[in-house]
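Following: one structure in structure tokens, then a few remarks.
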Amino acid sequence: MNYTKQIQDIASQLFAEGKIDVFVGYRLNGFDDNQVPVLIKDPQDVHKLVFTDKSVFNLVNYLKTDHTRRKRVGLVVKGCDSRSLNLMLTENQVKRENIYVVGICCEGVTDDAGQKMQNCVDCMVPDAVVSDELLGTASGADTLTYKMNADVAALSNIPLTERAAYFEEVFENCIRCNACRHSCPLCYCAKCCIDQETATLYNGANTTSAAFHALMTWSLHLAGRCVDCRNCEKACPSHLPLHLLHKQNESVIFENFQEHLAGVIPEDRGAFYKYSLKDPDDFIM
Ligand code: SF4
Ligand code: SF4
Ligand code: SF4
Ligand code: SF4
């Protein structure tokens with residue numbers, strides 16, 4: 001998967017036609033073969049843009065910064081990223097007319113060891129679902145088949161008390177840095193409720209229960225909204241398997257709430273917006 005030339009050409013043309021103020025893409029980090037997000041404002045810098053299977057980050061996260069707010073933005077999105085863009089549009093965080101979307105029919109991205117990432121192995125929506133132009137060959141899948149990750153399925157099969165004990169042990173390693181939240185495109189709140197807690201790393205009052213509580217609160221705010229881009233896991237210094245929380249929520253919601261999968265359908269609001277008193281509630285963790 002290499003769309004470097006096409007993306008450079010598209011960005012050049014958008015700048016030449018005066019259609020964008022900034023282009024958000026990927027560039028090489030300069031010291032190994034990994035990439036980082038880049039915000040290009042000068043058309044002379046378009047040659048820095050790259051796109052390969054190392055273009056791992058979800059760039060929609062950069063639509064919530066002051067660098068892009070109220071600007072006309074060119075943006076590259078893979079399938080998962082495009083779902084979060086759909087949600088940002090539905091939740092009135094960005095205006096569609098301000099964004100020129102270069103969609104990718106994604107073949108998957110790789111980790112540091114060159115292995116396809118787990119979310120890509122189990123990807124249900126590889127083609128960008130919102131775009132102004134689409135690069136690559138569409139997967140051709142016109143019906144959605146839900147795929148549960150093997151590790152999430154294994155956890156679902158153990159008793160609730162054991163599952164809770166497992167989560168508490170694993171998430172004890174959280175250092176409350178909030179990198180997960182800041183790297184999530186769907187955590188854009190100006191004031192986050194989790195920041196209102198006093199038990200943080202910074203005031204010396206971090207405890208397992210406080211960290212666990214913060215992560216559970218966070219995961220519930222992403223329930224029915226998480227698009228499995230794994231930006232949060234890539235940012236986590238403790239390498240916590242955060243997808244276990246999100247994918248567990250996703251599978252419960254898909255099964256119980258009209259096969260809801262976040263951001264796949266434009267203007268489809270999150271599962272919590274569709275709350276009905278008839279909804280089942282016997283699955284709560
Ligand atoms: S999860 Fe799907 S769309 Fe996202 S990077 Fe992996 S293969 Fe591409
Ligand atoms: S919670 Fe993580 S995987 Fe889900 S949308 Fe946010 S950054 Fe992506
Ligand atoms: S955790 Fe909840 S309140 Fe905090 S930024 Fe995310 S969505 Fe907003
Ligand atoms: S990034 Fe990791 S360590 Fe930091 S708050 Fe999130 S889960 Fe905890």
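The values are calculated or read from the model by the stated rules, or taken from the named source; none is laboratory data. Just so we're clear, the structure is a prediction, and the values are computed from it rather than from any experiment. Positions of Cβ are backbone-derived with ideal geometry, glycine not excepted, and every protein chain shown enters the neighbour counts.
Can you name the residue in the stretch 221-266 that is in a helix (DSSP H, G or I) and more than 11 Å from ligand 2 (Cβ to nearest atom) and is also modelled with the lowest pLDDT among such residues?
Keep residues of the stretch 221-266 that are in a helix (DSSP H, G or I), which gives 221, 231-235, 243-256.
Now restrict to residues that are more than 11 Å from ligand 2 (Cβ to nearest atom): 244, 248, 251-256.
Numbers: Leu244: 94, Gln248: 91, Ser251: 91, Val252: 87, Ile253: 87, Phe254: 88, Glu255: 85, Asn256: 82.
Here the residue is Asn256.
In the stretch 1-27, which residues are in contact with a helix residue (DSSP H, G or I) (Cβ under 8 Å, 6 or more places away or on another chain) and either surrounded by 13 or more Cβ atoms within 10 Å (Cβ to Cβ) or within 20 Å of Asp112 (Cβ to Cβ) (or both)?
Gln8, Ala11, Ser12, Phe15, Ile20, Phe23, Val24, Gly25, Tyr26, Arg27
Given the residues Val76, Val129, Val102, which is the only one that is in the same structural domain as Phe57 (by TED's automatic domain parsing), of a type outside the set (Phe, Trp, Tyr) and within 24 Å of Glu255 (Cα to Cα)?
Val129
Take Arg83 and decide whether it is out of contact with any Lys or Arg (no Cβ under 9 Å at 6 or more places or on another chain) and buried (at least 20 other Cβ atoms within 10 Å of the Cβ).
Here the answer is yes, as Arg83 does meet what is asked.
Can you find a residue that is among the acidic types (Asp, Glu), surrounded by fewer than 17 Cβ atoms within 10 Å (Cβ to Cβ), more than 16 Å from ligand 1 (Cβ to nearest atom) and not in a loop (DSSP other than H, G, I, E, B) anywhere in the stretch 131-142?
Yes.
If you check every pair at least six apart or on different chains, which have Cβ atoms under 8 Å apart with a residue in the stretch 119-136 that is without any contact (Cβ under 8 Å) to a residue 24 or more places away in the chain and small (Gly, Ala, Ser) first and a residue that is part of a strand (DSSP E or B) and away from ligand 3 (no atom under 16 Å from the Cβ) second?
Correct list of pairs: empty, since none qualify.
Of all residues being assigned to a loop (DSSP other than H, G, I, E, B) and of a type in the set (Ser, Thr, Tyr) in the stretch 153-198, which is farthest from ligand 1 (Cβ to nearest atom)? Just the residue, please.
Looking at the filtered set, the residue picked out is Thr198.
Looking at (1) of a type outside the set (A, V, I, L, M); (2) over 17 Å from Ile99 (Cα atoms); (3) modelled with pLDDT of 95 or more, which one does Lys41 not meet, given that it meets all the others?
Here Lys41 clears every test but (2).
Read through the list (1) farther than 22 Å from Asn157 by Cα; (2) surrounded by 15 or more Cβ atoms within 10 Å (Cβ to Cβ), then give the number of the only condition that Val252 fails.
Only one criterion in (1) farther than 22 Å from Asn157 by Cα; (2) surrounded by 15 or more Cβ atoms within 10 Å (Cβ to Cβ) is unmet by Val252, namely (1).
Out of (1) within 16 Å of ligand 3 (Cβ to nearest atom); (2) closer than 15 Å to Asp111 by Cα; (3) of a type outside the set (Gly, Ala, Ser), the odd one out for Lys234 is which?
Among (1) within 16 Å of ligand 3 (Cβ to nearest atom); (2) closer than 15 Å to Asp111 by Cα; (3) of a type outside the set (Gly, Ala, Ser), Lys234 violates only (1).
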